[in-house]
Structures are given as structure tokens and as C-alpha cells.
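To keep things clear, I will list the structure first and then write my remarks on it.
The values are calculated or read from the model by the stated rules, or taken from the named source; none is laboratory data. Predicted, not measured: the structure shown is a model, and the values here were computed from it. A quick note on method: Cβ atoms are made from the backbone with ideal geometry, for glycine too, and the neighbour counts reach across all protein chains shown.
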């Protein structure tokens, strides 16, 4: 389970911090974009590019990046494969629109290299374009520039990739974070999740053990350690750590997972059925179905 506190969804307004009334300061473009007045936004922001005030020049580039992504011919549908043999369909942008928007963001970063919102906007855009190596390079540059930032400012990016089963891409970003934030239990825990997706359970367990050693009371890390032991077929260790995690933090989804673990790995269908009735959906109670089938008399 990757550590993503919330899903990071690429939205059109990559940089909106607060929508304010039109013509009130350098954030006025946000209201125009939000209202779908893209031509007006382009006219306004183009006029700011020659402003004597740095804030207006920076906002001009953010604005024009959004204008590029707002064009009708800029948006396309992508079908993306992932590292687990699956895939998903989602909205994205053409290469032309992506390149044009990134060019504006790069100008903004030249003007204001400490503007965290621009770095994050560029990361989102590169993710949508599936330019994962470039995304890692950008994260490296952002961490080097924004030395005051914390791991929590960036950890959601590999987490988002892992949530989409992009394990290799997630590892690229985790390698960057591990260099800048060594011995972070969040980073180590996500490494464990990534290698677990790739079925490299020895690596996954090693990372999960390090994460738990650093944060023994973190229910996510403890749960992940149990999951990795489960994947590796080490049932006794998996049971130990899964129970410990459930004692720390419990919800129906985890309890249902544990019920299936009891059914499939511990082979206690009666106990598993009781747990499934309490925590699993009606159509997800395999132990109860199997128990009922086993108990039914043979047809004559």
C-alpha cells in the first residue's frame, strides 16, 4: 500500500491557490480561467510578460501554461499500461500542448525558482504525459532548489504513481527522495510497496523492516510489512504483523483482507467466514460460500 494521503488528480488549474475577483492583482487570471474565458486570460497575461513587477511576470507564465492546456485541441484520451499487467484510460494532453505549457513553466522557474507551486505544476503535467524520467529529473531539481521543503511536500508524487501500479516510475522518484531525505520511513515504506508490486518480496521485506524500525508505531508501515511477508509466503510472520497493524488501526477493508488471509493462508474457513460476514461485502465472502458448499449434502 503506497503512502498517499489523498489522491492527486491532475486538474486544469494546476496552480490555483485562491480564486479572487477579476482585475484584483496578479492572481486575476485564475478567475478568467475558472470562468472559461481563455482568450481574455491570454490577452491579460500576455500583457503582463513585460511588466516591471516580478510577481506579474511569473503569474503571466503560469496563466499562459493553463491557456495552452485549455485549448479544445489540447486534450486527448490516453490508454496507459502499468507494471502489473493492467491499465487505465484517462484524460490528458497532446504532446504539443504539454511542450508549450512546460515551456511557460520553465520561464516561470527562471524568474522565481523558489515558487513551489510551479515545480508542483510541472510535476503533475509530466506525470499526465507519462514522462517519468523527466519527472524524476524535475523532482531532483526541485529538492535541490527548495532545500527547506520536507519529504511530506513530495511523497504524494511517487504515492500517486504507485496507486496507478506504476512501480518502476515510482521507484525513480523514490530514488530522488531517498537521496534528499535518507532514513525516511515514508520513503522506505513506499519502496516496499513498489517492490511488492513487482513481486520482488525479499527486497520489499527488507525495505518494510527498515521502515518499521524507524517508525514502529506507524500502522501503514506495520501493515505493509505484514503484506510483504504474506506475498513472500511467510504466513506466520505475516499473521503476526497484520494482527499488530489491525490493533493499531482497523477498518473494514483491512479486516476483510485479513479474513481472506485467514481463509487462504491459515486455512481456517469457519473463522474466516465469521470475519467476512462482519467486514466483507456480500459478494466477497468466499470462505462462507466454500463452507456452505462443503457442508451441503451430496445430491441423490
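Among what's in region 144-157 and is under 15 Å from residue 118 (Cα atoms) and within 18 Å of the chain's Cα centre (by Cα), pick the residue that is surrounded by the most Cβ atoms within 10 Å (Cβ to Cβ).
Only one residue tops the list, namely 157.
Test residue 214 against the criterion of being surrounded by fewer than 17 Cβ atoms within 10 Å (Cβ to Cβ), farther than 30 Å from residue 129 by Cβ and touching a helix residue (DSSP H, G or I) at 6+ places or on another chain (Cβ under 7 Å), and give yes or no.
On the way: surrounded by fewer than 17 Cβ atoms within 10 Å (Cβ to Cβ): yes; farther than 30 Å from residue 129 by Cβ: yes; touching a helix residue (DSSP H, G or I) at 6+ places or on another chain (Cβ under 7 Å): yes.
Here the answer is yes, as residue 214 does meet what is asked.
Given the conditions (1) surrounded by fewer than 20 Cβ atoms within 10 Å (Cβ to Cβ); (2) touching a residue at least 24 places away in the same chain (Cβ under 8 Å); (3) in contact with a helix residue (DSSP H, G or I) (Cβ under 6 Å, 6 or more places away or on another chain), report the number of the one that residue 225 does not fulfil.
(1)
Scan region 13-29 for residues that are under 14 Å from residue 68 (Cα atoms) and either loosely packed, with under 14 Cβ neighbours inside 10 Å or modelled with pLDDT of 50 or more (or both) and report the count.
Within region 13-29, residues that are under 14 Å from residue 68 (Cα atoms) and either loosely packed, with under 14 Cβ neighbours inside 10 Å or modelled with pLDDT of 50 or more (or both) number 1.
Scan region 93-102 and tell me whether some residue there is in contact with a strand residue (DSSP E or B) (Cβ under 7 Å, 6 or more places away or on another chain), assigned to a helix (DSSP H, G or I), within 23 Å of residue 59 (Cα to Cα) and at pLDDT below 95. Lay out the reasoning, then the answer.
Filtering region 93-102 down to residues in contact with a strand residue (DSSP E or B) (Cβ under 7 Å, 6 or more places away or on another chain) leaves 93-94.
Now drop any that are not assigned to a helix (DSSP H, G or I), which leaves none.
So far as region 93-102 goes, no, none of its residues is in contact with a strand residue (DSSP E or B) (Cβ under 7 Å, 6 or more places away or on another chain), assigned to a helix (DSSP H, G or I), within 23 Å of residue 59 (Cα to Cα) and at pLDDT below 95.
Taking the condition under 29 Å from residue 265 (Cβ atoms), touching a residue at least 12 places away in the same chain (Cβ under 8 Å) and over 16 Å from the mean Cα position of the chain (by Cα), does residue 218 pass? If you could, list the steps in order and put the result at the bottom.
Details: under 29 Å from residue 265 (Cβ atoms): yes; touching a residue at least 12 places away in the same chain (Cβ under 8 Å): yes; over 16 Å from the mean Cα position of the chain (by Cα): yes.
The answer is yes for residue 218.
Among (1) out of contact with any strand residue (DSSP E or B) (no Cβ under 7 Å at 6 or more places or on another chain); (2) at pLDDT below 50; (3) more than 30 Å from residue 192 (Cβ to Cβ); (4) exposed (fewer than 15 other Cβ atoms within 10 Å of the Cβ), where does residue 46 come up short?
Looking at each condition in turn, residue 46 falls short on (2).
Considering every residue within region 186-203, establish whether at least one is without any contact (Cβ under 8 Å) to a residue 24 or more places away in the chain, surrounded by fewer than 22 Cβ atoms within 10 Å (Cβ to Cβ) and outside any helix (DSSP H, G or I). Step through it out loud before you land on a result.
Of region 186-203, the ones without any contact (Cβ under 8 Å) to a residue 24 or more places away in the chain are 191, 200, 203.
Still in the list and also surrounded by fewer than 22 Cβ atoms within 10 Å (Cβ to Cβ): 200, 203.
Going one step further and asking which of them are outside any helix (DSSP H, G or I), we end up with 200.
Yes: one or more hits.
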